[in-house]
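Step one of this worksheet: look at the structure below.
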Amino acid sequence: MAAFHPEFEALPAEIAVFPLPGALLLPHARLPLNIFEPRYLAMTQDALGQGRMFGMVQPEPGQPRGPHGPAIYRTGCLGRICSFAETEDGRLLITLTGLCRFRVAEELAMCRGYRRVRVEYDRFRADLAPLTPPPGLDRAALLGALRDFFRARGIEANWEAVEQTSDAMLVLTLCMVCPFEVREKQALLEAECAGQRAAMLVAMLQMGAHGGGEPPPGAKPS
């Protein structure tokens, strides 16, 4: 387990959540965030004084709004603030390290304008294990699909940096930074294991390079 990460038994049962479409956080990966809305400034300030943790979730497209705001997917990822900085214009620039995925059991009363939920982690205990390469990953196929996807989308890349990135971190990073649809991002989050996530990523890149945009079979998020 990485330094500063909590033990499984110490993960908080009640957490704040930040619903942000297209913002995917995965265990072991890092997500930079620019916090400027008053309610999320309050959430971040509270988190900094209470273990530095909150959850990232995505709003669920096509679902009706609830009393606390947009409907959210039931699976998200708990993150820990590993760095933060203040700006002169009142923003907070933070980086979250992904700890463990969770399932939302119920939504709680809001606090200072931000949403809170009670969560369960049991299905995702393995997220806290050391990061290992995705089994069965064909790196050449992944990079080929990535080149085609970036070419089709007009995206420039630092290929030297890509080549130097480990298999495990490359898959996590691409899942988070590639411009996939919300449902696709959610499917990557909910993948049962690293091998399934890597295979799903390659399929999404291949489809995206040819104009497709739906998750592959078996990748529908709950």
Of the residues in the range 96-123, those that are outside any strand (DSSP E or B), within 30 Å of Glu37 (Cβ to Cβ) and without any contact (Cβ under 8 Å) to a residue 40 or more places away in the chain number 1
Do we find that Gly51 is closer than 23 Å to Arg125 by Cβ, surrounded by fewer than 19 Cβ atoms within 10 Å (Cβ to Cβ) and not assigned by TED's automatic domain parsing to the domain that holds Ala194 in this structure?
-> yes
Scanning for something modelled with pLDDT under 95 and outside the structural domain of Glu192 (by TED's automatic domain parsing), does the range 68-88 turn up at least one residue?
-> yes
What residue, of Ala199, Ala168, is crowded, with 20+ Cβ neighbours inside 10 Å, closer than 18 Å to Leu24 by Cα and under 21 Å from the mean Cα position of the chain (by Cα)?
-> Ala199
Output yes when any residue across the range 4-22 is under 14 Å from the mean Cα position of the chain (by Cα), at pLDDT below 95 and small (Gly, Ala, Ser), and no when none is.
-> yes
Among helices (runs of 4 or more DSSP H) lying entirely in the range 124-198, which contain 1 or more residues that are of a type outside the set (Val, Ile, Thr) and touching a strand residue (DSSP E or B) at 6+ places or on another chain (Cβ under 9 Å)?
-> 167-177, 182-189
Applying the selection to the range 45-63, what residues are over 18 Å from Val117 (Cβ atoms) and not in a loop (DSSP other than H, G, I, E, B)?
-> Gln45, Leu48
Odd one out for Val177 among (1) exposed (fewer than 14 other Cβ atoms within 10 Å of the Cβ); (2) in the same structural domain as Ile15 (by TED's automatic domain parsing); (3) under 26 Å from Ile35 (Cα atoms) = (2)
Thr173 passes all but one of (1) more than 17 Å from Ala203 (Cβ to Cβ); (2) more than 13 Å from the chain's Cα centre (by Cα); which number fails?
-> (2)
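The values are calculated or read from the model by the stated rules, or taken from the named source; none is laboratory data. All values derive from a computational prediction rather than experimental measurement. Cβ atoms come from the backbone with ideal geometry, glycine included; neighbour counts cover every protein chain shown.
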